[in-house]
Amino acid sequence: QVQAVESGGGLVQAGGSLRLSCAASGRTFSTYSMNWFRQAPGKEREFVAAISWSSSIIYYSDSVKGRFTISRDNAKNTVYLQMDSLKPEDTAVYYCAVKLRGISTRGDGMDSWGKGTLVTVSA
């Protein structure tokens, strides 16, 4: 079982930036696709970004495209989510998810989830 642990959440003002990190276990991290999802209070979980094992394929949701950047460092078993120009509507718990084979934007296609990190954006 691959484990993922998120960090980097916190409180930031609108227009500010945060960088989330997700450290994943497993000797074959470099073969996994890595993903970020989020869930705002009272809303369903939604896809944010995905990156393939080689970083050659990257997907973003329309709501974050141009503001968020996903990247990974396979030597450190870590994936990042750089969040710029944050808006109050970005407030949510952000989850890191691992997909062992292939790449997907669907939450039900993930193999393992972290426990999440809270991002709060004040107006």
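Each residue of the range 99-115 was assigned a 3J(HN,Hα) from its phi angle through the Karplus expression (A = 6.51, B = -1.76, C = 1.60, θ = phi - 60°), giving 10, 5, 9, x, 9, 8, 9, 8, x, 6, x, 7, 9, 7, 10, x, 8 Hz with x at Gly and Pro.
Listed by chain and number, the lysines whose C-alpha is less than 16 Å from the C-alpha of K87, apart from same-chain residues fewer than 8 away, are K65. The R67 and T28 beta-carbon pair, evaluated with R₀ = 25 Å, returns a calculated FRET efficiency of approximately 0.20.
I need the fraction of alpha carbon pairs in the range 16-102 separated by more than 19 Å, rounded to a whole percent. Above the 19 Å cut-off, the range 16-102 has 34 percent of its Cα pairs.
Computed from the coordinates by the stated procedures, all read-outs in this text should not be read as laboratory data. All values reported here derive from a predicted model rather than from experimental measurement. Here the Cβ is made from the backbone with ideal geometry for all residues, glycine too, and neighbour counts use every protein chain on show.
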